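Everything below concerns the one structure shown next.
The values are calculated or read from the model by the stated rules, or taken from the named source; none is laboratory data. Bear in mind that the values here come from a model prediction, so they are computed numbers and not experimental data. Reconstructed Cβ throughout: ideal geometry from the backbone, glycine too, with neighbour counts over all protein chains shown.
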Amino acid sequence: MAYFFCLKLLKKSKNMRIKFYIFILSFLLPLSVYSSDPVETKAIDKENFDLTVSPSVDFYEYVNGGWLKKFEIPSGYSRWSSFHEVNENNNIVLKEILDEVYGKTFPKGSNEQLIADLYSTFMDSVSIDNNGLKDISGLLSLVDNLNSKSDFAKLFARLNYLNIPVHVFAFSGQDIKNSSDVILQIGNGGMGLPERDYYLSEDEYYKKIQDQYKQYLSSLLKYIVKDESKIPDLVEKIYALEKRFAAVTYKNTEFRDFNKTYNKSTKSEISSKFKNFNFDEFIKELKISDEDLVNGINVIQPKYIEEFDNSIEDTDLELWKYYLKVMILNQYADYINSNLEDLKFNFYSTQLSGVKEKQPRWKRGLNLINSNVGEAIGQIFVQKTFSPVAKQKCIDMINDLISSFRVRLNNLEWMSAETKAEAFKKLDKLSMKIGYPDKWQGYEGLSIDNKSLLQNLFTIREFFTKRNLNRINKPVDKTRWLMNPHTVNAYFSSTNNEIVFPAGILQPPFFSEKYDDAVNYGGIGGVIGHEIIHGYDDNGRKFDSEGNLKNWWTDEDMKKFDNLANMVVEQYDNYVEIDTFRVNGELTLGENIADLGGLTIAYYALKEKLKNRSASEIDGFTPEQRFFISWAQIWRGKATPESAKLLLKTDVHAPGKFRVLGPVSNMKEFQEAFNIKDTDPIMRSIDKRIIIW
C-alpha cells in the first residue's frame, strides 16, 4: 500500500506490497543485436466473438464470448488476460536475453553480469537446497540474540534493510502536501494474509483460509522449534498477534483517504508516542540524520504503531522471536530450499489463488530478475523491441487525447469557470514518459556473484534500501521511473503530475504500428485516457498542477463532483462477480472514473483524427465499432474462483468484464455506434447515466 497515495496503476501488480520498486543500470556491453518481433495478433479476431449474444445485451460477451468458452487458464497462473498475453510475448525476448548471458562471464558491475549471476544462482536448485538454511541462519540468529525488548529497534532496522515488512517499516516518498520534498515515510507490515478481513471475517470462506494459513504457520515453525509439541500453541498465539494488528489496520478503502494516510510529525513527536520501541535508535541504525528529517516524517497508520508498541510490552519475548523468525522464513521461503518453496506455493498460490502448478523454473527466475534488477534486463529489452516510430506514434496519440480532454473540459456544463481554469493549468503542466527512461539509474557499489542466491538477494535489497533512504531531503528526481520498461502496465503519478507508459504495454493487442487508428485509440488510447483522467478522479482531483495535495475546487463544484462520484459507486456496487462476491464501488472508484472518462476522451480524439476521412468498414465494422471492440478485447480475462475473490477484496480495479460494461453502459457514443435502443439491457436508464469528464 505504500505507493497507493501517490500513483495510480492501470492494473494491480502482484508485487505491490510495502516494498521498493527496484531500478538498475549498469555499463551495457553489447550482446548480439537482432530483432525479436513480438508475436503479431489480429487487430480484431472474430473467432473470439460470441455472435449468439447481442451487443445490446452484453457487449463483453459479444466480443469475448468465443475466447471465454475455449480458453483455459494455464496451470501456472491464477488468472489470464490480455496483459498476460503481452507479457508472454515480451518473455520470448527476455528469455533470449537470459539464454545469451546464462553461464557466461561479464565485466563486474555490467548489466549482463548482474543478470547472469542472479539468474544462475536461482537456477542452481541443488546449491539452494544444500546451502539455503545455512545462508538464512545468520539472519535467524539475529532474532535469537534478542536479549530484551529494548533491542527491537536495531533488529527492525536490519530487517528493514532486507525488505522484510516489519511493523515499523521505513522508506522515502514525496510529501504529498509539498511534492518538492522527499520525506521519511513509516508504513507497517507484520501480517501474512492479504487483507484485514481475512483475519476478522467470520464468513465460512475466510474461516477456511484462516485454518489453511495456520497449517502453513505450523509448517514454518517446524524449521525453528525443537519441541514440536509446542507448535499448535505457538500457531494460535502468532495468529492472534497478527489478528490484533489486523484489527487496527486500515481497510483498503481507507488507504485511499489522504486524511487518514497523511499524518506528518517530527521525530521527537513520534518518539514520544513510543513507550517500548526505541524510535530514535531505529532511525540511527538506518543512518538517517536529524538534518534529513527537517521536513518531517509521515506515519501512515498511527493507531497501528501505537498497538504495535503496546504489543511489545504485553507479549512474551520468546513469542516475538518465533513470530519474527516465521516472518523471515515466509519472506525468503522461495530461496531457502525446495520444501519451503513448495509450502509457500501451496498456501499462497494454490489455496489462496487457485494456481495448479508452478511456472517453469526459468520463468520464476525471470520474475526474480524483474523484481530485483529489472532495469538491467529492461535496458536490453527496449534496444531489441521498441522502435522510434512506435514511440512517436504514442506521443502523437497522447497529444491527441490531451487536446480531446481540453475540449471536453471547456464544454463541461457542471463545472464553474473558476475551477476549469485550475483544471486547465494542471493539464498544461502534465508531463509524459514513453517507452523507457531517458536517464538510467546507476549501480555503483552493487556487487553480486554466482555463488549464493540468498547472499545476492541480501546484497541487492540492502543496496536499494540504502538508495531509497538516501533520497530523503534530496531534490526529487523527476527522471526516475517506478516501473521496468518491459512491464505491461502504466501509471499516473499525482505528486509528479505525470503519465508513464513503459514499452512493455505498447504491444498488441493494446497497440501496433500496423493497426488502424480505431483499434489503437480503443486499445492503448483508452489506456492513455485512463491515466490522464486519474489526475481528475476522486483522489487525483485533490492534487494541484504542482503535484501538491491542495484544494483548487469551489465548494459548489466539489459537491457536484461528489454527487457524480457517488453515482459511480452505486453503479459498481451492484455488479456481482462470483457467488455473492460483489465489486466494491468505493474501493474501485478512482479506476472506474478513469475508465469512463478515459474511454470518452479517447473516442473523441479518434473522431477528430478521422475528421474529413471516409469512414470505411474493416471486417464489417465501422471505425466507431472497432474502437469499442478494441476496448472490450483488451479487458478479456479469466480467473480462478479463489483469485477472483481475492482480487475483489484487495484490488482497486474492477474485474475486466465491468471495465467494459461499466463505461459503455453510460455512453451515448457506444449506443449510436451499435444502433442500440435506450431500453436495451446493456444501457443504463437515461436518468442514471453518468458523465463526469
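Take GLU591 and tell me if it is closer than 18 Å to TYR60 by Cβ and at pLDDT 95 or above.
It is true that GLU591 is closer than 18 Å to TYR60 by Cβ and at pLDDT 95 or above.
For the stretch 621-650, residues that are farther than 21 Å from GLU204 by Cβ and not in a strand (DSSP E or B) total 15.
Would you please name the residue that is surrounded by the most Cβ atoms within 10 Å (Cβ to Cβ), looking only at residues in the stretch 543-560 that are in contact with a helix residue (DSSP H, G or I) (Cβ under 7 Å, 6 or more places away or on another chain) and more than 29 Å from VAL476 (Cα to Cα)? In this case the residue turns out to be ASP557.
The condition (being under 30 Å from MET558 (Cα atoms), over 27 Å from the mean Cα position of the chain (by Cα), in contact (Cβ under 8 Å) with a residue 12 or more places away in the chain and surrounded by 14 or more Cβ atoms within 10 Å (Cβ to Cβ)) is satisfied by just one residue among LEU427, LEU409, LEU401: LEU409. Scanning the stretch 178-204 for residues that are touching an Asp or Glu at 6+ places or on another chain (Cβ under 7 Å) and either charged (D, E, K, R) or within 26 Å of LYS325 (Cα to Cα) (or both) yields ASP181, GLY190, MET191, GLY192, TYR199. Apart from one condition, THR640 fits all of (1) modelled with pLDDT of 95 or more; (2) surrounded by fewer than 23 Cβ atoms within 10 Å (Cβ to Cβ); (3) within 18 Å of TYR62 (Cβ to Cβ); (4) not acidic (Asp, Glu); the exception is (3). Remark: LYS149 matches the filter, which requires a residue to be surrounded by fewer than 17 Cβ atoms within 10 Å (Cβ to Cβ), of a type in the set (D, E, K, R) and modelled with pLDDT under 95.
Across the stretch 572-588, the qualifying residues are those that are among the acidic types (Asp, Glu) and at pLDDT below 95, and the one among them that is nearest to GLU531 (Cα to Cα) is GLU577. A search for C-beta distances below 8 Å between a residue of the stretch 262-281 that is surrounded by 15 or more Cβ atoms within 10 Å (Cβ to Cβ) and any residue that is assigned to a loop (DSSP other than H, G, I, E, B) and not hydrophobic (A, V, I, L, M, F, W, C), counting only pairs 6+ apart in sequence or on different chains, returns TYR262/LYS177; LYS264/LYS177; LYS264/GLY296; SER265/GLY296; LYS267/ASP290. Buried (at least 22 other Cβ atoms within 10 Å of the Cβ) and part of a helix (DSSP H, G or I) - does that describe any residue in the stretch 666-676? Within the stretch 666-676, one or more residues are buried (at least 22 other Cβ atoms within 10 Å of the Cβ) and part of a helix (DSSP H, G or I).
For the stretch 610-637, a tally of residues being modelled with pLDDT of 95 or more and either closer than 20 Å to ASN675 by Cβ or surrounded by fewer than 20 Cβ atoms within 10 Å (Cβ to Cβ) (or both) returns 12. Total residues in the stretch 457-484 satisfying the condition of being touching a residue at least 60 places away in the same chain (Cβ under 8 Å) and in contact with an Asp or Glu (Cβ under 7 Å, 6 or more places away or on another chain): the figure is 3. Within the stretch 242-252, is even one residue outside any helix (DSSP H, G or I), farther than 30 Å from ASN539 by Cα and not charged (D, E, K, R)? Scanning the stretch 242-252, I find no residue that is outside any helix (DSSP H, G or I), farther than 30 Å from ASN539 by Cα and not charged (D, E, K, R), so the answer is no.
With respect to the conditions (1) among the small types (Gly, Ala, Ser); (2) loosely packed, with under 14 Cβ neighbours inside 10 Å; (3) over 30 Å from ASP538 (Cα atoms), SER452 falls short on a single one, namely (2). Checked against (1) within 25 Å of VAL527 (Cβ to Cβ); (2) at pLDDT below 95; (3) crowded, with 19+ Cβ neighbours inside 10 Å; (4) of a type outside the set (Gly, Ala, Ser), LYS433 passes all but a single condition, namely (2). Residue pairs whose Cβ atoms lie under 8 Å apart, separated by 6 or more positions or on different chains, with the first residue in the stretch 512-524 and touching a residue at least 60 places away in the same chain (Cβ under 8 Å) and over 19 Å from GLY598 (Cα atoms) and the second among the hydrophobic types (A, V, I, L, M, F, W, C) and part of a loop (DSSP other than H, G, I, E, B), are SER512/ALA43; LYS514/ALA43; TYR515/ALA43; ASP516/ALA43. Of the helices (runs of 4 or more DSSP H) lying entirely inside the stretch 102-221, those containing at least 2 residues that are over 30 Å from LYS474 (Cβ atoms) and without any contact (Cβ under 8 Å) to a residue 40 or more places away in the chain are 125-144, 204-221.
Considering each residue of the stretch 588-611, count those that are aromatic (Phe, Trp, Tyr) and over 15 Å from ILE398 (Cβ atoms), and give that number.
1
The one condition from (1) in contact (Cβ under 8 Å) with a residue 12 or more places away in the chain; (2) in a helix (DSSP H, G or I); (3) in contact with a helix residue (DSSP H, G or I) (Cβ under 9 Å, 6 or more places away or on another chain) that LYS356 does not meet is (2). Filtering the stretch 417-466 to residues that are in a strand (DSSP E or B) and of a type in the set (Val, Ile, Thr) leaves only ILE434. What single numbered condition from (1) closer than 14 Å to ILE183 by Cβ; (2) in contact (Cβ under 8 Å) with a residue 60 or more places away in the chain; (3) not in a helix (DSSP H, G or I) fails to hold for ASP292? With (1) closer than 14 Å to ILE183 by Cβ; (2) in contact (Cβ under 8 Å) with a residue 60 or more places away in the chain; (3) not in a helix (DSSP H, G or I) applied to ASP292, the lone miss is (3).
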